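Colleague: Dumping the structure here so I can ask a few things about it.
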Amino acid sequence: MTYVDGFLVPVPKEKKDAYIALAEKAAPIWMEYGALHYMECWGDDIAPGKTNDFRTAVIAEEGEEVVFSWVVWPSKEVRDAGNAKIMSDERLKMEGEEMPFSGARMIYGGFSPVVERKA
């Protein structure tokens, strides 16, 4: 069965293009290291919750939007090996460049699917 990494990250609206450029750079690297599917989604219909919501989960500030992303892997083992390679890949180093998002407020985790349907 597949394995899924999920991410929520607050991104300043004025850095949307820089974030997309970084995602475009990262996507083929994730695929090279075994990912089956890589998806980045810019929030445009996020309802405020009564207790919690996507914006409060990442402590989104005024002028920020939430990005919801996921990566599908063939297995947790492939994901673990792929992520180790991704974290040390020189092509993703951003020396001297400012990250276009707040990594400190990013939420991420790995998930084992329990129900899956495809068209």
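The values are calculated or read from the model by the stated rules, or taken from the named source; none is laboratory data. Source: prediction; values computed, not measured. Counting neighbours? That spans all protein chains shown, and the Cβs are built from the backbone with ideal geometry, glycine included. With ligands, DNA and RNA removed, areas are computed over all heavy atoms of the protein, side chains included. Shrake-Rupley method; radii C 1.70, N 1.55, O 1.52, S 1.80 Å.
Colleague: Show the residue pairs meeting these rules: Cβ distance below 7 Å; 6+ apart or different chains; first residue within region 99-119 and farther than 15 Å from residue 70 by Cα; second residue exposed (fewer than 14 other Cβ atoms within 10 Å of the Cβ) and at pLDDT 90 or above.
Modeller: From region 99-119, the pairs are 105/59.
Colleague: A further question on this structure: Suppose we keep only residues that are over 17 Å from residue 11 (Cα atoms) and of a type outside the set (A, V, I, L, M) within region 85-107. Which one would you say is most open to solvent (accessible area, probe 1.4 Å)?
Modeller: Only one residue tops the list, namely 95.
Colleague: A further question on this structure: Do we have residue 81 as free of Cβ contacts under 8 Å to residues at least 60 places away in the same chain, out of contact with any His (no Cβ under 9 Å at 6 or more places or on another chain) and within 22 Å of residue 19 (Cα to Cα) here?
Modeller: Working: free of Cβ contacts under 8 Å to residues at least 60 places away in the same chain: yes; out of contact with any His (no Cβ under 9 Å at 6 or more places or on another chain): yes; within 22 Å of residue 19 (Cα to Cα): no.
Here the answer is no, as residue 81 does not meet what is asked.
Colleague: Please enumerate the residues belonging to region 94-107 that are of a type in the set (A, V, I, L, M) and part of a loop (DSSP other than H, G, I, E, B).
Modeller: Selection gives 94, 99, 106.
Colleague: Name the residue, out of 49, 34, 110, 82, that is open to solvent by less than 70 Å² (accessible area, probe 1.4 Å), outside any helix (DSSP H, G or I), out of contact with any Asp or Glu (no Cβ under 7 Å at 6 or more places or on another chain) and modelled with pLDDT of 95 or more. I'd like the intermediate steps shown before the answer.
Modeller: Working: 49 fails: modelled with pLDDT of 95 or more; 110 fails: out of contact with any Asp or Glu (no Cβ under 7 Å at 6 or more places or on another chain); 82 fails: outside any helix (DSSP H, G or I).
34 is the lone residue from the list that is open to solvent by less than 70 Å² (accessible area, probe 1.4 Å), outside any helix (DSSP H, G or I), out of contact with any Asp or Glu (no Cβ under 7 Å at 6 or more places or on another chain) and modelled with pLDDT of 95 or more.
Colleague: Could you run through region 65-79 and say how many residues are charged (D, E, K, R) and open to solvent by 60 Å² or more (accessible area, probe 1.4 Å)? Before you say what the answer is, go through the steps one by one.
Modeller: Of region 65-79, the ones charged (D, E, K, R) are 65, 76-77, 79.
If we keep only those that are open to solvent by 60 Å² or more (accessible area, probe 1.4 Å) too, we end up with 76-77.
Going through region 65-79 one residue at a time, the tally reaches 2.
Colleague: Hey, can you tell me all the residues within region 45-56 that are under 19 Å from residue 106 (Cβ atoms) and either out of contact with any Lys or Arg (no Cβ under 9 Å at 6 or more places or on another chain) or hydroxyl-bearing (Ser, Thr, Tyr) (or both)?
Modeller: 52, 53, 54, 55, 56
Colleague: Picking from 21, 119, which residue would you name as being open to solvent by 50 Å² or more (accessible area, probe 1.4 Å), assigned to a helix (DSSP H, G or I) and of a type outside the set (Phe, Trp, Tyr)?
Modeller: Matching residue, one of 21, 119: 21.
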